[in-house]
Amino acid sequence: MSRKGNLDIILKNMDTERATKVLAKSLYKELVTNGFTNKDIINFSREILDHMSSEMRKQADSEASGRKDRLLIG
């Protein structure tokens, strides 16, 4: 079975909090194994948070726009 297949099985069979911890630990080990420093990993984490924040902002803006459209129509 492929690595991805194993990860899918693990993630489907555990609660999301535990799955998140397993994923974070696995990703950290993988990054370190491939030569990333702790500073690199902190920068990577910051980029993920920035991206997530941007996506959440877009979603909130889209939802707010949808509410405005419904108010104008109704």
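Coordinate-derived values only; no laboratory data. Quick caveat: nothing in here was measured; it's all calculated off a predicted structure. All Cβ positions, glycine included, derive from the backbone under ideal geometry; neighbour counts span all protein chains shown.
With charges set only on the Cβ (+1 for Lys and Arg, -1 for Asp and Glu), what does the dipole of the range 1-64 come to about its Cα centre, in debye to the nearest 20?
340
Obtain the nm distance between the two label points defined at LEU7 and THR37 by a simple spin-label model: each point lies 7 Å from its Cα along the Cα-to-C-beta direction.
Here the answer is 2.6 nm between the modelled labels.
How large is ³J(HN,Hα), in whole Hz, for each residue of the range 17-25 in order, when computed from phi with the Karplus curve 6.51 cos²θ - 1.76 cosθ + 1.60 and θ = phi - 60°, using x for Gly and Pro?
Karplus values, whole Hz, x for Gly and Pro: 5, 5, 4, 5, 5, 5, 4, 4, 5.
How large is ³J(HN,Hα), in whole Hz, for each residue of the range 36-42 in order, when computed from phi with the Karplus curve 6.51 cos²θ - 1.76 cosθ + 1.60 and θ = phi - 60°, using x for Gly and Pro?
Values, residue by residue: 6, 8, 4, 4, 4, 5, 5 Hz.
Based on the alpha-carbon gyration tensor of the range 1-60, what equivalent-ellipsoid semi-axes (square roots of 5 times the eigenvalues) come out, in whole Å, largest first?
One finds semi-axes of 23, 19, 10 Å for the range 1-60.
What is the distance, in nm, between label points placed 7 Å from the Cα along the Cα-to-Cβ direction at GLU63 and at LEU27?
Distance between the two pseudo-spin positions: 2.2 nm.
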